Amino acid sequence: MCGVVGIVYRKDNERLGRVGSFLLKKLEYRGYDSTGGAFFKDDGSVTLKKKVGSPTRVIHELDLENLSGSKFIGQVRWATYGAVSDENAQPHEVNCRTRLLGAHNGNISNTDSLKEFLADSRHRIASDNDGEMLVHLIEHFYHEQLALRRKHSAASRVDDLLQAILRANRKAQGSYAACVSAPDIEGIFAVKAGSSLYAGKGSDEDGDFILVSSDLTSVLAKTRFLIPLVEGQGIYFSAGEYFVFSLEDGRRSVPGLKRSKLNIADIALQPKYHFFMEQEIASTAANLGVILKYYFSQDWEAPYFSVFERHARDCKDIVFELLKLYAIFDRGQLRRAFLRIVSDVRFAAIAGEIFALSPPRATDEAPAFFSSDEAQLLRELREFGEEHFNALFTLDLIVIWKKKRKVIRYRDEAVALFRKSFLAGGRVFFIGAGTSYHAALAAGYFFNNLTSLAIVPCNPDLFRSVYMNSLRPGDVLVAITQSGETKDLVDILNQARERFRGQVAVIAVVNNENSTIPQEKADFFLPLLCGPEIAVAATKSFSAQLALFYLLAAGLDGQAQPPQQALAKIKNLIEYTLKACEEDVTEVMLRFFLKPSIHILGTSLIGLAREGALKIREVVLNHAEGYDAAEFKHGPNTILGKNTLYSFMDMENLLADMAEFCRDLLAGGDLAAAGSAEDLGRFFNRVRDLKFADLGALPADGGEPAAAETELARRFRARVNAENYFSNYPLVFVCPPDERDVRITISQIHTHKIRGADVVLIAEDNAELAKALEGKPASKVLAEGSGRDEYFCKYIRVPSSGDVNMFVFQAAVVLQLLALKMSVAKMKYLNRAHIENHGVHPDVPKNVSKSITVD
């Protein structure tokens, strides 16, 4: 995943560099292999600067903030085609036939054949990057279009560049978004051909502007007024004018602006947090509160919602009229349209009935301020006067009622579909990639515990290779995706729908409700309702998936505790767990953050173990594996004991011992006693060429050493011995409060700690588990006098619930917190060591992207 951005002002301004830098930083999570920007001035001059490195670093090194101009194209790169190099950085400037600059996000899959075509056409290719091939391809067709005209104007150049883009898009294969422009046209072209792209129009202290970006949050950081773009469209825009065109035939339109429902405050980092991952883990409990709000009826709602049910048709019409306000941008027109809604006799009758009831008391269930999906619009309308608060309060409740009745209906439809499929001998597949796959595995645990019914959790490739050909009418597919755009999942759904055409039900579980999978590929969807997730690593959305699967499983079991009561308890347990376990998690982090590898072992909790390991791999960049605890002994346990895995800490110990050897040698006259200068020279030359495997084996050559050199070797061997630098391998056990699981965990702890493991246990308090964990294996001390204990253990006790299902939520946030803390600590460690491009960051780790939309 990469990110592109473009913005156009009416005239040159000195602040364009600061604006462009701000937008690049907003895209940093999408790419940090290289960063670049092209600054166009009104006189036709262009300044292009780009370099390997993240926006945070490159902006400073290239002094991008001090550049000026009237339009800007920028890109952050996550390398796919071509190495991480300055040459492959974007934007690309081409001038083989006519001058163009452009950048893209995504993949051009026929890059190699395009490169041959362009080389045969005598284009000068400067890199291996697919973005350059795309810009050259547009240049190639633009030159052909220009050659067809005898006279050129600003308008004709826009027309010709548009035709070149259409022709290039037909020849290029892949999924991408791109920005391209020429110095002699006023605006920028951008296309949405398989990758995300958003457009907005606004005004700031530098005047009117229009911008596009791969990321919605960067657009919302500048304006709330969006230009609608859908897949297969492009846009040409200057500072105040724009048109949208079809990539198929070039047909133009000028869609009206839409007001975003999101406020920048919804996607900003709050002052009390340092990282989005930290903020999103902390918000988990609040997000479960939103799930409770929409998936279950609350007692306080009943009298209000009964009013809306009696006036259901009118309420739907009122919401329809309210949503029309998003298309009104003149403040006076907005006020008049709002007053028409609240003065309508139908609305007045409903509002009268609502306020004849006693107003709800502000609680977690009945918030004091607007909390519907249209809260941002209602807050804006409140600026027209406090006398409208009662009307706005009623509108907020109507919007909640309308969405809630749909969510509850879909919840019940999902449960009914499951029952119908199971009774008919069908299967219910839970399909997701990455974190969503791990949530599917956890869903299997919930269904096994709460029902007598088994679901089939799988990732898209497993489903395609093992189950696709056995799919039959009556089966149900549950497509799990935070973004709603996961390409390998889209491909699976396309194939299933094409083969069965309505005979296999598809339910989407999704956070982005307006994305492709819920809107185009599913029969209906169940929203996760956890709001924007900015950090690349999924945390709060994983917990929301767990909550949704728990309530679905509980809904199938009429004997289970009412799921809303259980989820309310889970919400409180999560808050308590994060506070109670933080100190213990910090202690574990300090021991493990530089370990090169780690295993998370879940007893009956393979999905949770894999998710915990994935979080460490994603944000700490240490190798981590998630295993079933009892399965670890079947091969993976060979990693315990002496092995070739040495950590930074082990190497620090080696360097410290070497330094002490040299210090002792130089102190107290030992230097003279050790031999001649020639002896010392030979010895240190040998140390310089030393391989780690030779530690403790000096002298290593076949010659007969001098006596003094032999004495030096003996002293070196006594101080620096390879045996001293083996350290235990870290294991993190996750054990639910189940008697059988406790017995298995105790057995596995005993089995592995005697073979060279440091053991951390995440579990409720249990005396037998504590004894197994804390009993130190006999003879487990490193080289005598080293002072380093070989066995480390830590019991992270989560607050007790006695419920195996509730425990899953607690352990999930503990593992997320551990990964966060390890990431921050390792990032700071590598920064202090001045190691460039290490890629460790809790929000924007290298090599991973938020939504995978390429194969």
Exercise. Could you check how many residues of the stretch 745-766 are under 17 Å from Phe807 (Cα atoms) and of a type in the set (A, V, I, L, M)?
Key: 4
Practice problem: Pick out the one residue from Ala479, Ala416, Ala496 that is closer than 27 Å to Ala613 by Cβ and among the hydrophobic types (A, V, I, L, M, F, W, C). | Solution: Ala479
Practice problem: Considering only the stretch 40-104, give the strands (runs of 3 or more DSSP E) lying wholly within it that have at least 1 residues that are open to solvent by 30 Å² or more (accessible area, probe 1.4 Å) and closer than 24 Å to Ser195 by Cα. | Solution: 46-52, 92-94
Self-check item: Residue that is crowded, with 21+ Cβ neighbours inside 10 Å and more than 20 Å from Ser541 (Cα to Cα), where the choices are Leu573, Leu621, Leu605, Leu590
Solution: Leu621
Exercise. Output the residue which, of all residues in the stretch 118-161 that are assigned to a loop (DSSP other than H, G, I, E, B) and under 22 Å from Tyr236 (Cβ atoms), is most open to solvent (accessible area, probe 1.4 Å).
Key: Lys151
Quiz item: Just to be sure, is Leu114 more than 16 Å from Ile73 (Cβ to Cβ), open to solvent by less than 10 Å² (accessible area, probe 1.4 Å) and out of contact with any Ser or Thr (no Cβ under 8 Å at 6 or more places or on another chain)?
Solution: yes
Quiz item: Could you say which residue among Ser801, Ser823, Ser849 is small (Gly, Ala, Ser), at pLDDT below 90 and under 29 Å from Thr435 (Cα atoms)?
Solution: Ser849
Practice problem: Just name the residue that is modelled with the highest pLDDT out of those in the stretch 492-517 that are closer than 25 Å to Gly106 by Cβ and in contact with an Asp or Glu (Cβ under 8 Å, 6 or more places away or on another chain). | Solution: Asn511
Quiz prompt | Number of the condition not met by Asp650 [criteria: (1) of a type in the set (D, E, K, R); (2) assigned to a helix (DSSP H, G or I); (3) open to solvent by less than 50 Å² (accessible area, probe 1.4 Å); (4) modelled with pLDDT of 90 or more] | solution = (4)
Quiz prompt | Subset of the stretch 4-39 [open to solvent by 30 Å² or more (accessible area, probe 1.4 Å) and within 16 Å of Ile188 (Cα to Cα)] | solution = Arg10, Lys11, Asp12
Practice problem: Looking for whichever is of a type outside the set (A, V, I, L, M) and within 22 Å of Gly444 (Cβ to Cβ) here; the options are Thr539, Thr577. Which one fits? | Solution: Thr539
Quiz item: How about the stretch 165-226: which strands (runs of 3 or more DSSP E) wholly inside it have at least 3 residues that are at pLDDT 90 or above and touching a Cys at 6+ places or on another chain (Cβ under 9 Å)?
Solution: 188-193
Exercise. Identify, by number, the condition in (1) open to solvent by 10 Å² or more (accessible area, probe 1.4 Å); (2) at negative phi that Thr539 doesn't meet.
Key: (1)
Practice problem: Looking only at the stretch 201-219, count how many residues are open to solvent by less than 10 Å² (accessible area, probe 1.4 Å) and more than 18 Å from Gly232 (Cα to Cα). | Solution: 5
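The values are calculated or read from the model by the stated rules, or taken from the named source; none is laboratory data. Everything numeric here is computed off the predicted structure, so don't read it as measured data. Note: ideal-geometry Cβ built from the backbone for every residue, glycine included; neighbour counts use all protein chains shown. Note: accessible area is taken over every heavy atom of the protein model, side chains too, but ligands, DNA and RNA are not part of it. Shrake-Rupley method; radii C 1.70, N 1.55, O 1.52, S 1.80 Å.
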